Amino acid sequence: MLAEHLQSLAKVTPEESRHALNLDGLRQPDVTFWTVWLDTELAGCGALKELDAEHGEVKSMRTARAHLRKGVAAAVLEHIIAEAKRRGYRRLSLETGASEEYFAPAHQLYQKFGFRRCGPFGDYVRDPNSVFMTMAL
């Protein structure tokens, strides 16, 4: 699934604008990674990266093609938000792609959960290929 995620992003986002974590990135101590399984099938994944003691970042959200539009991403995002609150974060942010054609479902999901567009955060810089979103917890 991770390889599929990185390959699909390569088709719609220039290399310098891709901020998806590879396997080494997901293994860092400031990142917690979860997967969703339906029976024996990997249905989705997502991660939470600690930016500081009060700010987390949603990373590596992905739903397997066979499970699109079944609520997998919403379940992962609900879990990440709950964990961010449990950790005492005051803010949760994310970076995603700007291509409306490809990323529109993700933008809609994040907005549904209360994320709003914002400027770059953390180490990010303004990029026409990125959409930055945040929510207060």
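The values are calculated or read from the model by the stated rules, or taken from the named source; none is laboratory data. Predicted, not measured: the structure shown is a model, and the values here were computed from it. Every residue, glycine among them, receives a Cβ derived from its backbone with ideal geometry; neighbour counts consider all protein chains shown. When the accessible area is computed, the model is the full protein with side chains, heavy atoms only, and any ligands, DNA or RNA have been set aside. Shrake-Rupley method; radii C 1.70, N 1.55, O 1.52, S 1.80 Å.
Determine the share of region 63-137's accessible area contributed by carbon and sulfur atoms, expressed in whole percent, with a 1.4 angstrom probe.
49 percent
Can you tell me how much longer the chain between Asp30 and Ala53 gets when fully stretched, taken as 0.36 nm per residue apart minus their C-alpha distance, in nm with one decimal?
Here the answer is 7.2 nm.
Skipping prolines and chain starts, which residues have an amide H placed within reach, meaning under 5 Å, of the one on Ala20, given they are 5 or more residues away or on another chain?
none
Using a Förster distance of 35 angstrom, determine the FRET efficiency expected from the C-beta separation of Arg116 and Asp39, and round it to 0.05.
Between Arg116 and Asp39 the formula returns 0.45.
What base-10 log of the normalised intensity I(q)/I(0) is obtained for the chain from the Debye formula, alpha carbons as equal point scatterers, at q = 0.13, 0.16, 0.19 Å⁻¹?
Log10 of I(q)/I(0), two decimals: -0.52, -0.81, -1.21.
Under a 5 Å amide H to amide H cut-off, with H placed in plane at 1.01 Å, what residues pair with Leu51 once short-range neighbours are removed?
Those lying under 5 Å, H to H, from Leu51 are Gly56, Glu57.
Report the local net charge at Pro105: Lys and Arg +1, Asp and Glu -1, summed over other residues whose C-beta lies under 13 Å from its C-beta.
For residues surrounding Pro105, the net value is +3.
Give the accessible surface of the chain per residue, rounded to a whole number of Å², with probe radius 1.4 Å and ligands, DNA and RNA excluded.
Numbers: 7820 Å² over 137 residues.
Accessible area per residue: 57 Å².
Residues of region 88-132 with amide nitrogen under 19 Å from the 7 Å Cα-to-Cβ point of Glu15?
Answer for this model: 128-130.
Stretch Glu78-Leu2 to full length: gain in nm at 0.36 nm per residue minus the Cα-Cα span?
Values: separation 76, 0.36 × 76 = 27.36 nm, distance 2.04 nm.
Net length gain for the segment: 25.3 nm.
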